[in-house]
Amino acid sequence: MKIKTKLRLGFGFLFVVVIFFGAISLYYMNKISVSSKVILKDNYESLNFSGEMRKILDESVIPLSQKEAEQFGIHLAKERNNITEKGEHESVLRLAEAYKIIVDPAKNISAKQLALNNARLQLRIIDEVNMNAIVRKNAAAQRGVEKAATYLIFAASMCFLILFSFVVNFPGFVANPLKEFSEAIKEISRKNYKQRLEFNGTDEFSELATEFNAMAAQLNKWENSNLAKLQSEKLRIEAIIEQMQDAIIGLNEKKEILFLNKVAGQLLNLSEKDIIGLNALELMKRNDLLNRILQINSVDKPMKIYADNKESYFQLERREITVPVAYEDQDEQIITETRRTAGEVYILKNITQYKELDEAKTNFIATVSHELKTPISSIKMSLKLMDDERVGTMNAEQKELVQHIKEDCGRLLKITTELLDLAQVETGNLQLNFVKSDPRKIAIYAMDAVRFQAEQKSIELELISKNNLAKVFVDTEKTAWVLVNFLSNALRYSSEKSKVIIQIIEKDGNIEFSVRDFGKGIDEQYQKRLFDRYFQVPTDGNNKSGSGLGLAISKDFIEAESGKIWVESAIGEGSRFCFQLPIAV
């Protein structure tokens, strides 16, 4: 039997039960209604007629007037046509005879008085007959109501039992097979392709079970045919990972260790066979190096690890593993492919050799810069003596040539100073003298250092700040150097008779310094690289930007003081260079 047929029969049965109960209810409700109507109709009218006649007799005197006699006769005629109870007919006849005597003008007063008393007696008898009938019929109707209620309760109980049994048992026809299908599908999801379903019958569930068994057989066949190939590919990938010279650690989406090559095992002092499948978050609590690898948020700086019997440097790379997932869009009826996260891979590249070369380069630059600084200073001193008229006078061409030599020496001296500062930062020998300083005094010191340069271009320097700013715990000289560098750049790229604004504000527990110019601004594509070493923004040749080290060294100084540095700029609107330092506690 098909499922559709089962559902039709089931709901048809419910429909029949509801119709049966409704028919019984309507039948007994109709009986109760008929009984009520019988009680209220005829007997009530007889009581009404007798009451009207009694009212006429009680409110009138003998002899009756013509109008009263006519009214009495009308009600008597109505009562004569509404006789329904035993004994009521005789009383109505006697009442009619008394009425004739009362209205007969030939009868004397005493005869009419006797007829009046007899009429009242017959009216009482009519009332008693109808009242007794009402009581009797009411009792009969009550028994009918009780009987009908009993039948209805019995019918309702039977319907309830039938429906309850239907509700309990009928859903099993559909729910039980669906439950078996659900359990079978779960087994398939666990790659148990030997799962089978057995249904007897010819309904849709049996057909679906047959198709399911066929699918499971095909999956089992596919699994067996591809297992060897997949195993071979897995071994090949594991061999590649194992032979790589970089340390590689793989985690799945649950942070469980998927693989760990030999180099990573040696660095972490862990055995691959002992930790595969373990939770990395639990394992990192017992391994400090693994904790460092998983906790590092930024992978820009190299990690120093003791390996190969010396301090070695490793560059950490963290890559997210994503796998393609296809799903069907129900609204547009198209299949869309997306990707979901399946884990992470951590790669530790040994950059010790490159780090050593970089240190050698830094030491070489520091040595050369230091050696160049002394002769350049001597050249500047000689130029100063040459410019002194006590030594001798020079013509205009000679003075112009000396001035160019001075500028070139100043530029060379600045570059060598920056290279020496850079060497200190790269070798970790940067010496900072932290003291509590007033932000305004630092800004004023920097402004005084560039005031002559500003006056040459008629540029106004404006300081915006409060007088009672909180102090900062910094190296005053290095912080002022950063501000001087900002101001020098702002003056270089500002037009004559413009303005440069220095602003100091207190914000979120920090002191924020900013230098704003109103030059042509910096293209967005260059802003992210401004603080890189040796990077220079392309210019039109009118403004030489120096060595490209000033902003890089500024960044190192500010970050060494636990601060933050950034730039805000837009073409045609100028630039705003900022850094913030924590307020001294």
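Yes or no: Leu14 loosely packed, with under 14 Cβ neighbours inside 10 Å, within 60 Å of the chain's Cα centre (by Cα) and at pLDDT below 75?
So Leu14 does not fit the description; no.
Inspect region 244-258 for any residue being crowded, with 17+ Cβ neighbours inside 10 Å, part of a helix (DSSP H, G or I), in the same structural domain as Glu344 (by TED's automatic domain parsing) and out of contact with any Leu (no Cβ under 6 Å at 6 or more places or on another chain) and give the result as yes or no.
No, every residue in region 244-258 fails to be crowded, with 17+ Cβ neighbours inside 10 Å, part of a helix (DSSP H, G or I), in the same structural domain as Glu344 (by TED's automatic domain parsing) and out of contact with any Leu (no Cβ under 6 Å at 6 or more places or on another chain).
Go through (1) over 30 Å from Leu270 (Cα atoms); (2) modelled with pLDDT of 70 or more; (3) within 42 Å of the chain's Cα centre (by Cα) for Asn226 and report which single condition fails.
Exception for Asn226: condition (2).
Can you tell me how many residues in region 288-326 are in contact with a strand residue (DSSP E or B) (Cβ under 9 Å, 6 or more places away or on another chain) and in a strand (DSSP E or B)?
Number of matching residues: 21.
Can you pull out every residue in region 43-59 that is out of contact with any Phe, Trp or Tyr (no Cβ under 9 Å at 6 or more places or on another chain) and either within 16 Å of Leu95 (Cα to Cα) or of a type in the set (Gly, Ala, Ser) (or both)?
Residues satisfying the conditions are Ser46, Leu47, Asn48, Phe49, Ser50, Gly51, Arg54, Lys55, Asp58.
Would you check which residues across region 178-209 are outside any loop (DSSP other than H, G, I, E, B), surrounded by 13 or more Cβ atoms within 10 Å (Cβ to Cβ) and either modelled with pLDDT under 75 or hydroxyl-bearing (Ser, Thr, Tyr) (or both) and list them?
Those that are outside any loop (DSSP other than H, G, I, E, B), surrounded by 13 or more Cβ atoms within 10 Å (Cβ to Cβ) and either modelled with pLDDT under 75 or hydroxyl-bearing (Ser, Thr, Tyr) (or both): Glu204, Phe205, Ser206.
Give the residue, chosen from Phe164, Phe160, Phe170, that is at pLDDT below 75 and within 28 Å of Phe15 (Cα to Cα).
Matching residue, one of Phe164, Phe160, Phe170: Phe170.
When you go through (1) part of a helix (DSSP H, G or I); (2) out of contact with any helix residue (DSSP H, G or I) (no Cβ under 6 Å at 6 or more places or on another chain); (3) farther than 18 Å from Gly51 by Cβ one by one for Leu121, which number turns out not to apply?
Every condition holds for Leu121 apart from (3).
Quick one: which residue in Asp104, Asp127 is of a type in the set (Asp, Glu), loosely packed, with under 14 Cβ neighbours inside 10 Å and touching a Lys or Arg at 6+ places or on another chain (Cβ under 9 Å)?
After applying the criteria, what remains is Asp104.
Which residue pairs have Cβ atoms under 7 Å apart, sit 6 or more places apart or on different chains, and have a first residue in region 472-498 that is acidic (Asp, Glu) and a second that is in a strand (DSSP E or B)?
Asp475/Phe434
Name the one entry in Ile502, Ile522 that is within 18 Å of Met447 (Cβ to Cβ) and over 38 Å from the mean Cα position of the chain (by Cα).
When all the criteria are applied, what remains is Ile502.
Can Lys285 be described as surrounded by fewer than 16 Cβ atoms within 10 Å (Cβ to Cβ) and not in a loop (DSSP other than H, G, I, E, B)?
When the stated conditions are applied, Lys285 does not pass them.
The values are calculated or read from the model by the stated rules, or taken from the named source; none is laboratory data. What you see is a predicted model; the values in this text were computed from it and never measured. Reconstructed Cβ throughout: ideal geometry from the backbone, glycine too, with neighbour counts over all protein chains shown.
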